[in-house]
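In what follows, a single structure is set out as structure tokens and then discussed.
The values are calculated or read from the model by the stated rules, or taken from the named source; none is laboratory data. These numbers were taken from a predicted model, which means no experiment stands behind them. As a convention, Cβ positions derive from the backbone with ideal geometry for all residues, glycine included, and neighbour counts pool all protein chains shown.
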Amino acid sequence: MHDTATPAFAVVHAARVRGIVPDDARGELASDSEFEQLERDGLVKRTARGLIATPVGLREHDSTLEAWRGDLGPVGVVAATYERFLVLNAPLKAVCSAWQRSARDEEALFSVAGQLDDYLSRVRPLISRAARDAPWFATYASRLSAAAAAVAAGDGRFVTDPQVDSFHNIWFECHEDYFVTLGRSREDEEAA
Amino acid sequence: MTRPDTGAAPIETAARYVFAVGSGVAPEPRVLGGKGAGLVRLVGLGLPVPPAFVVSCEAGLDYLAQGELSAVASREIHENLVALEVTSGREFGNPERPLLVSVRSGAPVSMPGMMDTVLNVGLTATTVEGLVRETGDPRFAWNCYARFAESYARIVRGLAAHEVESALLDLELSGLTGEERSRAAVAAMQELMIADGGRPVPDDPRQQILEATEAVFRSWNSERAQAYRRLRRIDGGLGTATVVQVMVFGNRGATSGSGVAFTRDPSTGEARPYGDFLFDAQGEDVVDGTVDPASLEDLAAGLPEVHAELVASLARVEEHYRDVCEVEFTVDERELWVLQTRVGQRSGRAALKAAVSFVDEGLIDVAEALGRVTPAQVEAAAAPRFAAAPPDDDVIMRGLGASPGAAVGRAVFDVEDAVTLAGEGHSVVLVRPTTSPSDVRGFIAASAIVTGRGGRTSHAAVVARGMARPAVCGVGAVSVSADGTTATIDGITVERGSIVSVDGVHGTVARGAQPLVPSEDESEIARFLAWAAADSDVPVTAAPLPAEPDGVFATTAGPVVVLDDADHMSEQAANARIQELNAGGEVPAVIVSAAWARRAEDVLRGTCRGLGSSDQVVSLPLLGRGLRAR
């Protein structure tokens, strides 16, 4: 599967980034019959909690991504957007931490909603550019925007609570996706 | 910069619109805004504050009415700029000793939604070279300039964030050094501003300051600020002030640095200064948490005189505000500068313990102590904790206390293990070398989290706090054996399934089940709860009540309606639920979680009255926490 525009790629990629594809998130990625085919091909495995990638699936996914990176040349657009992502990453986490330390009252909620909205408008151009070469990034923009809207509507869980599709959780996945897509590791970056 | 003699600022107090901090002006928030008044108070306490002046709220309102700064305000700003040059021994636009300032908004009341701070105002193509020479760090100086140009484009010129980001993304940066990248970013921002309206960042620092001041005033009427004022019924006629303050630099080598200090430990409430400090760094580095900071003890070891002065300053601040305060400071070549202070955010436990100690110290009375601690904080303070620090021999890992709380559980090193064991009813502690989104399910299942890498603002720490799970981060390299049955950290091996105790406040992981005690046993907490009970109109029930998420419960005061999940409901939904639960009966109290009680107290009172009940709205923790026990 040396093509990133296949259901196999989309599903295994999601499983790789998120660890597991919960049943309710499957619909966005592939049809039921496509899932069944991927299972027969031994690329993914159904578990009680959702779908995970098999070692075979992960190996194939790695080689697809490697070929994809080779086609893009040494410095792709995605890598350039990642640099800007990192500029936003530390202050965004600081915004999340400040919210968690706050009284989480009306003022704090209003303030964090405004800040998330700022980060959303700054990260959107990055994501849409990354998505030109790596279309699987596009979903982060819509998910972040839904989370920001939920916070603005008064639901503080959508700032950092991982039990809902919160702004920080999506951001965290987007960060992980950059590692996976660019073939870098978190350990390398943290050690640098 | 050398500190000027205290009180030497040569400003006449005949000023109408613009007031030098330290000129004898009264700390009146209606005139100077909260931030400006705060700086005046700090100077009054004898603390070293970088020279600053405040353009008043009145000047701002005039600007909004007239569309331009009045002649008097402009003249007074110029006079104060000259005075800043004199006191700082620097000059605007001088490439040898450039004077740089920050420009911030500061309204009489806290106002989210107004303009962000613009830092390093005064940077130009010439003065940036001065900053290069003074810091010896071209990469830093040019990065400051690039960030300044970017803020200017967004905040002062009002360009949309996506336009700014797109322009930066359009740059061809491959193979460039950090300095070259920043140079390219500055040029891109200038071009963008010219394309948009023909005006780049002015070459004249004074003009930059005027424009930034006007931008602050305009932000009083930003959509968000207006929305906030409507929400909180804040008078639109208050206006905002602007604070212009000399920049100091903490990144001038080993005798400089930046930090944030608290007058008391904000997680435990212990009465000793607590804080983070980074040598050779600017304030943002501490706030963003990009680097794990050192502690105040490291500052004491490296720069003892500065540490002593800081501790003395913290004491004065706390005495003045009669509360736990948070102080942002910078050390610029052995000189301490206090930049900002505010009442410090603190954990529930710290809030309660500090309030009790302040009563004991005679600083506040019981009524004020009760008013200072929110019901949510009481609830948090009541969480169990370890009876004592574990014996040294039992401690197997030390790291950063990244999410408060105490938990005992079986160590596991794998997400699936965590989910499986937790599903069988065990308390588990998930230990991971580093964290990725695939670990989040394990976080949710676990009672506590330990990570090898990462600081207090790492993704792992944010996720752990997002679910209120105790966490210790940055314990060192964790290597998990190939079969997943053991993990080794710093030469110590932990077996899968062995019992460990995680202290998310102090950052320790210990072997075995260290004894936990309920917090009520602590004398301060017990005293506080007694004060609260004596003060409450609703009798506190002693007997645990049925453990259901919400419903109508019998108490000694009669039936009460409990909305356990009200935080996540809209007001209408909560009201509907109250009506439904009540079903025509009479309720003496509606009980909701603390955050929601504050948010919608009026609505709830109205509802209670409508139901023919008394108008008690009581938050859960004060009414006998047995209700919450699950």
Unmet criterion (only one of (1) surrounded by fewer than 16 Cβ atoms within 10 Å (Cβ to Cβ); (2) over 24 Å from residue A:143 (Cβ atoms); (3) touching a residue at least 12 places away in the same chain (Cβ under 8 Å)) for residue A:36: (3)
Matching residues in the stretch A:112-164 - criterion: being farther than 30 Å from residue B:231 by Cβ and outside any helix (DSSP H, G or I): A:134
Single residue of B:474, B:512, B:466, B:507 found to be of a type in the set (Gly, Ala, Ser) and buried (at least 24 other Cβ atoms within 10 Å of the Cβ): B:466
Filtered residue count, the stretch B:228-254, keeping only those that are at pLDDT 90 or above and out of contact with any helix residue (DSSP H, G or I) (no Cβ under 8 Å at 6 or more places or on another chain): 4
Filter result for the condition that a residue is at the interface with another protein chain (Cβ under 10 Å from one of its Cβ atoms) and either farther than 21 Å from residue A:94 by Cα or in contact with a Cys (Cβ under 6 Å, 6 or more places away or on another chain) (or both), over B:425, B:476, B:497, B:454: B:454
Hits in the stretch B:428-451 - residues which are of a type in the set (Ser, Thr, Tyr), at the interface with another protein chain (Cβ under 10 Å from one of its Cβ atoms) and touching a residue at least 12 places away in the same chain (Cβ under 8 Å): B:434, B:435, B:438
Some residue of the stretch A:57-65 being at pLDDT below 95, hydroxyl-bearing (Ser, Thr, Tyr) and part of a loop (DSSP other than H, G, I, E, B): no
Filtered residue count, the stretch A:88-112, keeping only those that are more than 9 Å from every other protein chain (Cβ to nearest Cβ) and of a type in the set (Val, Ile, Thr): 1
Total residues in the stretch B:454-481, condition touching a Pro at 6+ places or on another chain (Cβ under 7 Å) and within 17 Å of residue B:502 (Cα to Cα): 4
Failed item, numbered, when residue B:70 is tested on (1) within 23 Å of residue B:207 (Cβ to Cβ); (2) out of contact with any Asp or Glu (no Cβ under 6 Å at 6 or more places or on another chain): (2)
Candidates B:460, B:448 - the one that is buried (at least 24 other Cβ atoms within 10 Å of the Cβ), modelled with pLDDT under 95 and of a type outside the set (S, T, N, Q): B:460
Any hit, the stretch A:135-154, residues being facing chain B (nearest Cβ under 7 Å), touching a residue at least 60 places away in the same chain (Cβ under 8 Å) and among the polar types (S, T, N, Q): no
Neighbours by Cβ (under 6 Å, 6+ apart or cross-chain): first from the stretch B:235-250, over 28 Å from residue B:98 (Cβ atoms); second surrounded by fewer than 23 Cβ atoms within 10 Å (Cβ to Cβ): B:236/B:229; B:238/B:108; B:239/B:61
Of all residues making up the stretch A:113-129, the number that are more than 30 Å from residue A:79 (Cβ to Cβ) and either touching a residue at least 40 places away in the same chain (Cβ under 8 Å) or more than 7 Å from chain B (Cβ to nearest Cβ) (or both): 1
Which numbered condition residue B:483 misses (of (1) part of a loop (DSSP other than H, G, I, E, B); (2) modelled with pLDDT of 95 or more): (2)
Given (1) part of a helix (DSSP H, G or I); (2) more than 26 Å from residue A:104 (Cα to Cα); (3) in contact with a strand residue (DSSP E or B) (Cβ under 9 Å, 6 or more places away or on another chain), number of the condition residue B:397 does not satisfy: (1)
Selected residue [under 25 Å from residue B:465 (Cα atoms) and either of a type in the set (A, V, I, L, M, F, W, C) or in contact with a Pro (Cβ under 8 Å, 6 or more places away or on another chain) (or both)] from A:137, A:179: A:179
In the stretch B:115-135, residue modelled with the lowest pLDDT [restricted to those that are within 14 Å of chain A (Cβ to nearest Cβ) and surrounded by fewer than 22 Cβ atoms within 10 Å (Cβ to Cβ)]: B:116
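Let's see how each residue does on (1) assigned to a helix (DSSP H, G or I); (2) farther than 27 Å from residue B:275 by Cβ; (3) among the aliphatic types (A, V, I, L, M):
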| position | (1), (2), (3) |
| --- | --- |
| B:422 | yes, yes, yes |
| B:426 | no, yes, no |
| B:441 | yes, yes, no |
| B:450 | no, no, yes |
| B:469 | no, no, no |
| B:513 | no, yes, yes |
So residue B:76, is it buried (at least 19 other Cβ atoms within 10 Å of the Cβ) and assigned to a helix (DSSP H, G or I): yes
Some residue of the stretch B:302-311 being surrounded by 15 or more Cβ atoms within 10 Å (Cβ to Cβ), touching a residue at least 12 places away in the same chain (Cβ under 8 Å) and within 14 Å of chain A (Cβ to nearest Cβ): no
The stretch B:216-234 - residue that is in contact with a Ser or Thr (Cβ under 9 Å, 6 or more places away or on another chain) and away from chain A (no Cβ under 12 Å) and, of those, farthest from residue B:104 (Cα to Cα): B:220
Test: residue in the stretch A:5-21 that is within 22 Å of residue A:138 (Cα to Cα) and exposed (fewer than 13 other Cβ atoms within 10 Å of the Cβ): yes
Selected residue (only one of B:253, B:257 is away from every other protein chain (no Cβ under 14 Å) and under 28 Å from residue B:22 (Cβ atoms)): B:257
Breaking point among (1) surrounded by fewer than 24 Cβ atoms within 10 Å (Cβ to Cβ); (2) within 14 Å of another protein chain (Cβ to nearest Cβ); (3) assigned to a strand (DSSP E or B); (4) not acidic (Asp, Glu), for residue B:488: (2)
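Results for (1) within 14 Å of chain A (Cβ to nearest Cβ); (2) in contact (Cβ under 8 Å) with a residue 12 or more places away in the chain; (3) out of contact with any helix residue (DSSP H, G or I) (no Cβ under 7 Å at 6 or more places or on another chain); (4) part of a helix (DSSP H, G or I), shown as yes or no for each residue.
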{"site": "B:155", "(1), (2), (3), (4)": "yes, yes, no, yes"}
{"site": "B:164", "(1), (2), (3), (4)": "yes, yes, no, yes"}
{"site": "B:167", "(1), (2), (3), (4)": "yes, yes, no, yes"}
{"site": "B:173", "(1), (2), (3), (4)": "yes, no, no, no"}
{"site": "B:179", "(1), (2), (3), (4)": "no, yes, no, yes"}
{"site": "B:182", "(1), (2), (3), (4)": "yes, yes, no, yes"}
{"site": "B:186", "(1), (2), (3), (4)": "no, yes, no, yes"}
{"site": "B:193", "(1), (2), (3), (4)": "no, yes, no, yes"}
{"site": "B:199", "(1), (2), (3), (4)": "no, yes, no, no"}
Looking only at the stretch A:60-75, and only at residues there that are of a type outside the set (A, V, I, L, M, F, W, C) and exposed (fewer than 13 other Cβ atoms within 10 Å of the Cβ), the one that is nearest to residue A:184 (Cα to Cα): A:66
